[in-house]
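Undergrad: Quick one: this structure, given as structure tokens, is what I'll be asking you about.
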Amino acid sequence: MSLDPETGRDVGTNAFPVSRLGIPVDVAAIRANKLVNPEDSVVSPMVFEIPKNKLESGLTRSDLMILNIIAANKWKRPIYFTAAYGELGFYQYLRKDGLSYRLVPIQGKYPQANWVLDQTMRSSPIGGTQIRDNNEPAMYKNLMEKYVFGGADKKGVYFDEENRRHLLNIRSVFSEAAGNMADNGKKDQALQLLDKVEKGINTTDLPYAMVSRFNSHNQTGLQYLEACYKSGKTDLAEKVRVIMRKDLEQQKKYYDYLKNSRPELYGGTLEGTEVLINEILLQALDALEKKYAPQTQVQTPAEGQNTIINTVKDSTTNSDTLKQ
């Protein structure tokens, strides 16, 4: 026990004795209880290492509670997280069952390696996507049979930033599941997922592309775009692509204006965050077009006319475009 001299409360110790931890796993028991899928490769023990920076900054009491729950649970009850919790080092054992992440003692797969978007962004300052190992049977069942949309037929609804964040997470989960399932030869199921989220989220009120803090809205839009490409939903993909390019290029034009005409508003945080992220997303969009829609690439005079070919007519009155 370590007491705070001012409050007299137990504040715990200032150091954790180890960094590498192992949780015993009764493989036969968890298979019998169907806590993992038959094809899963179970690890025993489940070993992970607390990141050095976390140890240096100090574990909080909530961190210790999480570690204690994992150790004491003995895989009798499922442990879920609402986000890809990576602070304590066991993120590689988190797998999506839908809108949540389940802790499972398996050798996880890394589907993000199949995504051009992740490959392009991983080496950038903003890092890769949040695409994770998917429990495809459970994820498909949960999204298609249990998750229900409401109010998609009501237009003119205003969503503030916090509500947009949650809706974007839903769009992201559906697109991630669809893209991963398409990669694994389940394109029919992938198309069903995309059809459901298209009907469930009114794009008049939550467009594919939109200016947002850290361009998070458009990061989700690019993921959705690649999912459409992977699933073979080419008409929707082209629609989303045109909207994404228009919005990102409008943002670039605005930032270029500030740089040349209003330099006092350009530098500092704006240049180091929003401008940088917009450039990275434009590069990611270029990579997606090159991979999935080569007909959109600028041709050299030797190859043909120097134009970009679009199969969808652009329109400044499209409700899915950002009006500036």
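Every number here is computed from the coordinates shown, using simple stated rules; none is lab data. None of these values were measured; they are calculated from a predicted model. In this analysis, Cβ positions are derived from the backbone assuming ideal geometry, glycine residues included, and neighbour counts consider all displayed protein chains.
Undergrad: For R77, put the label point 7 Å out on the Cα→Cβ axis and report which residues of segment 89-103 keep their amide N under 18 Å from it.
TA: Backbone N within reach: 101-103.
Undergrad: Using the count of nearby Cβ atoms within 10 Å as a rough guide to exposure, how do W115, W75 rank from fewest to most? Don't skip to the end; give the middle numbers.
TA: Values: W115 24, W75 21.
With the fewest neighbours first, W115, W75 line up as W75, W115.
Undergrad: For every helix of n ≥ 4 consecutive DSSP H residues, a contribution of -39,500 (n - 2.57) applies; sum these over the chain, divide by its total residues, and give [θ] at 222 nm rounded to the nearest 500 deg cm²/dmol.
TA: Value at 222 nm, helices only, nearest 500: -13500 deg cm²/dmol.
Undergrad: How many lysine pairs are close in segment 36-148, with Cα atoms under 20 Å apart and the two 8 or more places apart or on different chains?
TA: The number of close lysine pairs in segment 36-148 is 5.
Undergrad: Given a 10 angstrom Cα cut-off, can you work out which residue in A293, A190, A71 is the most mobile in a GNM of the chain?
TA: A71
Undergrad: While we're looking at this one, here's another question. Taking 51 Å as R0, compute the FRET efficiency from the Cβ-Cβ separation of S124 and R9 and round it to 0.05.
TA: With R0 = 51 Å, the Cβ-Cβ based efficiency is 0.70.
Undergrad: If you don't mind, there's one more thing I want to ask. Restricting to the chain, compute how many DSSP beta bridges are antiparallel as a %, nearest 5. It would help to have the intermediate numbers written out before the result.
TA: Details: 11 of 12 bridges.
In the chain, approximately 90 percent of DSSP beta bridges are antiparallel ones.
Undergrad: Given segment 20-108 reduced to its alpha-carbon atoms as identical point scatterers, what log10 I(q)/I(0) does the Debye formula return at q = 0.13, 0.20, 0.21, 0.24 Å⁻¹?
TA: -0.42, -0.99, -1.09, -1.39
Undergrad: When the chain is fully extended, how far beyond the present Cα-Cα distance does K154 get from A84, taking 0.36 nm per residue of separation?
TA: Numbers: separation 70, 0.36 × 70 = 25.20 nm, distance 3.22 nm.
Length gained between K154 and A84: 22.0 nm.
Undergrad: Checking understanding here: applying a Kyte-Doolittle mean of at least -0.5 and a length along the axis of at least 15 Å (C-alpha), which whole DSSP H helices in the chain pass?
TA: Those that clear 15 Å and a mean of -0.5 are 61-73, 276-292.
Undergrad: Suppose each label sits 7 Å from its Cα in the direction of the beta carbon; what would the N169-D26 distance come out to in nanometres?
TA: Going by the 7 Å Cα→Cβ label model, 3.4 nm.
Undergrad: Which parts of segment 132-151 would a label at K196 reach, counting a residue when its backbone N lies under 13 Å from a point 7 Å out along Cα-to-Cβ?
TA: Only 136-150 fall inside the zone, counting backbone N under 13 Å.
Undergrad: Further question: What trypsin sites (Lys or Arg not before Pro) does segment 125-233 have in DSSP loop regions with at most 10 other beta carbons within 10 Å?
TA: Here the trypsin sites (Lys or Arg not before Pro) that fit, given the DSSP loop and packing criteria, are K154, K155.
Undergrad: Treating only the Cα positions of the chain as identical point scatterers, give the base-10 log of I(q)/I(0) from the Debye formula at each q in 0.08, 0.09 Å⁻¹.
TA: Each listed q corresponds, in turn, to -0.47, -0.59.
Undergrad: In nm, what is the difference between 0.36 nm times the number of residues separating T269 and D63 and their Cα-Cα distance?
TA: 71.0 nm
Undergrad: Using a cut-off of under 15 Å, list every residue of segment 91-134 whose amide N is near the label point 7 Å from the Cα of F214 along the Cα-to-beta-carbon line.
TA: Backbone N within reach: 122, 124-131.
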